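The values are calculated or read from the model by the stated rules, or taken from the named source; none is laboratory data. Since the structure is predicted, the reported quantities are computational estimates derived from the model, not experimental observations. Neighbour counts are summed over all protein chains in view; Cβ atoms, including those assigned to glycine, are modelled from backbone coordinates with ideal geometry.
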Amino acid sequence: MEVTTVSVKQLNLYVKSLIESDARLLNVSVAGEISNYKNHYSSGHWYFTLKDNDAQIRCVMFSTYTFKVPFKVEDGMRVVIRGRVSIYERDGQYQLYAESMESAGEGDLAVAFNKLKEKLQREGLFSVEEKRPLKKFPEKIAVLTSDTGAAVRDILNIISNRYPVCDILLCPVSVQGESAAGSMIDMLDRVYELEDVDTIIIGRGGGSLEDLWAFNNETLARKIYESPIPVISAVGHETDFTICDFVADVRASTPSHAAELAVPDKNALLNTIFSYRSSLLNSLLLKYKMANAKYELAVSGTLLSAPYKYFDNLALKIDNIEEKNLNSFKNVVFAFDKRLSDVAARLDALSPLKTISRGFAAVNSNGKPIKSANELSVGQEINIRLSDGDADCKITKIRCEK
Amino acid sequence: MSTEKKTFEEALSELEKISKKLESEDVTLENAIELFEKGVELSKECSNMLTSAKQKIEKITDMEQPLYD
C-alpha cells in the first residue's frame with residue numbers, strides 16, 4: 001500500500017477525530033491529585049496535571065467551567081474530574097478537557113505536610129521567640145542552592161548590585177529529588193563549621209509541589225532549626241510554603257527576595273553617608289556663626305558685619321557640597337578663622353578697658369561720656385568706670401584749664 | 001579580611017557618632033574642626049567601600065578547596 005505524505009496538522013487532526021469518535025472518551029470521570037496548577041492570568045483558564053502514583057495526564061479547564069468550581073484549587077488536592085479527552089492539535093498534546101471538578105479530600109503529600117507541620121509546631125520549632133534577627137551589615141553570606149538554576153544567578157546579581165561589600169560563599173546542593181534533603185543537610189553541617197559566615201540563604205526557584213518536596217523534609221527542618229547562623233529560606237514563589245520556611249529565621253518569598261533581605265542597599269547607604277556629611281558641614285557652619293555672633297555682640301556689630309555676610313555667602317555657595325569642594329571650603333574656613341582672631345586682636349588693642357587698666361578712668365553722666373571739664377557743673381552726679389568696677393560721685397569743685 | 005581594616009559597619013557607626021558629637025553644643029571650635037575633618041575622611045572611606053568594593057565569590061566544592069572567581 002502506498003503511503004500518503006500528510007502535514008503534521010493533518011496527522012493531529014486525524015488522531016483527534018479518532019479519539020473524538022469514541023463515545024466513552026467524550027464523557028469520562030477520573031480521580032487523581034492536582035499538580036502544576038496554573039490559573040492563566042488573562043484568559044482565566046486553568047492548566048494542571050492530574051496524577052496518581054503511576055501516571056499523569058495534562059488537563060485544561062476553560063473559564064466557562066472554572067467559575068462553577070466551589071473551592072480554591074491547589075496543588076496536592078485530590079479531585080474527581082468529569083470531562084472529555086481530546087487532542088490539542090497545535091501541540092499534538094493529548095489532554096483531559098475538564099468540565100466539572102469535585103474535591104475528594106486532601107492529597108497524600110498535603111496530608112503528610114500538614115502532619116509534619118503540626119508536629120514541629122507543637123515542639124516549638126516555629127516559635128517567634130526562636131527567630132534571630134539577620135546581621136544588618138553581613139560580610140559573608142553562604143548560599144545553598146543548585147549551582148545551575150536561576151536562583152543562584154538572581155541571588156548573586158542582587159547581592160553584587162546592592163551590597164558588594166559582602167562576600168559570597170556558593171554552596172552547591174541538590175534541591176530536587178531523592179538525594180536533595182541529604183545533600184542540603186551535609187552542606188549545612190559544613191557551613192556551620194565556618195566562623196566567618198554571617199547569614200545563610202537556602203532555597204531554590206519555583207516548581208511543582210513535588211519539586212519543592214525536599215524542603216518539607218523533617219531532618220532538614222531540624223538541621224535548619226539548629227543553625228548557629230541566622231537562616232533565610234527562599235523556596236519557590238510567594239504562594240509556596242514549605243516546612244523549611246517555618247523553621248528558618250526569616251522566610252523570603254523568592255530567592256531574589258532573600259537576597260534583598262540579606263543585605264542593605266548601597267544607594268540608600270550612600271544617601272545616609274551623604275546626609276551625615278551635610279550634617280557635619282552644617283554643625284561646623286553653625287559653630288562658626290555662633291562664634292561670630294558672640295564677637296558681633298561684643299562690638300555692636302560694626303567691625304565684624306562684613307565677614308559675617310561674607311560667611312553667609314559662603315554657606316550659600318557650599319549648599320550643594322561636593323567632595324572636591326570640601327578641601328577648598330576648609331581652606332576658606334581656616335582663612336576666616338584667622339581673620340576672626342586678627343579682628344579680635346585689633347578689638348583688644350582698641351578697647352577702652354586696656355587704657356583703663358593702665359590707671360585711667362572713663363566718666364559718664366546719665367549714660368553719656370564726659371569728654372571735657374566744661375561739661376560739668378557743681379553738684380552734678382557722675383559715674384566713674386575703672387577696670388574692675390565703677391563708682392557714683394558728686395562734683396564739689398571744677399577747675400577748667402581752657 | 002584583615003583584622004586591622006575597619007569593616008563598613010564600624011566605619012559607618014563611627015561616622016554617625018562623630019556627626020552626633022559635632023552637633024552637640026559642648027564642642028569647642030578647635031575641636032569642631034578636628035571632628036569635621038575626621039568625619040569627612042570617614043564619609044569618604046565609607047562611600048569608597050561601597051563603590052569600589054571587590055566582592056569575593058568562593059565556592060565549596062567536593063574537594064573542599066575554595067575556588068576564587
Residues in segment B:34-46 that are at the interface with another protein chain (Cβ under 8 Å from one of its Cβ atoms) and surrounded by fewer than 18 Cβ atoms within 10 Å (Cβ to Cβ) total 2
Scanning segment B:1-33 for residues that are facing chain A (nearest Cβ under 9 Å) and aliphatic (A, V, I, L, M) gives B:Met1, B:Leu12, B:Leu15, B:Ile18, B:Leu22, B:Val27, B:Leu29, B:Ala32, B:Ile33
**Item:** Flag for A:Ser43 being within 15 Å of A:Ser86 (Cβ to Cβ), small (Gly, Ala, Ser) and out of contact with any Pro (no Cβ under 6 Å at 6 or more places or on another chain)
**Value:** no
Note on segment A:205-243: residues touching a residue at least 60 places away in the same chain (Cβ under 8 Å) and of a type in the set (D, E, K, R) are A:Glu210, A:Glu218, A:Arg222
The lone condition A:Glu195 fails out of (1) touching a helix residue (DSSP H, G or I) at 6+ places or on another chain (Cβ under 9 Å); (2) without any contact (Cβ under 8 Å) to a residue 60 or more places away in the chain is (1)
Going through segment A:244-261 in order, the residues found to be within 22 Å of A:Ala150 (Cα to Cα) and touching a helix residue (DSSP H, G or I) at 6+ places or on another chain (Cβ under 7 Å) are A:Cys244, A:Ala248, A:Val250, A:Arg251, A:Ala252, A:Pro255, A:Ser256, A:Ala258, A:Ala259, A:Glu260
Expected output for segment A:3-28 (first residue in contact (Cβ under 8 Å) with a residue 24 or more places away in the chain and outside the structural domain of A:Ala98 (by TED's automatic domain parsing), partner hydrophobic (A, V, I, L, M, F, W, C) and assigned to a helix (DSSP H, G or I), Cβ below 7 Å, 6+ apart or cross-chain) is none
Picking from A:Leu169, A:Leu209, the residue that is assigned to a loop (DSSP other than H, G, I, E, B) and either closer than 22 Å to A:Pro133 by Cβ or touching a Leu at 6+ places or on another chain (Cβ under 9 Å) (or both) would be A:Leu209
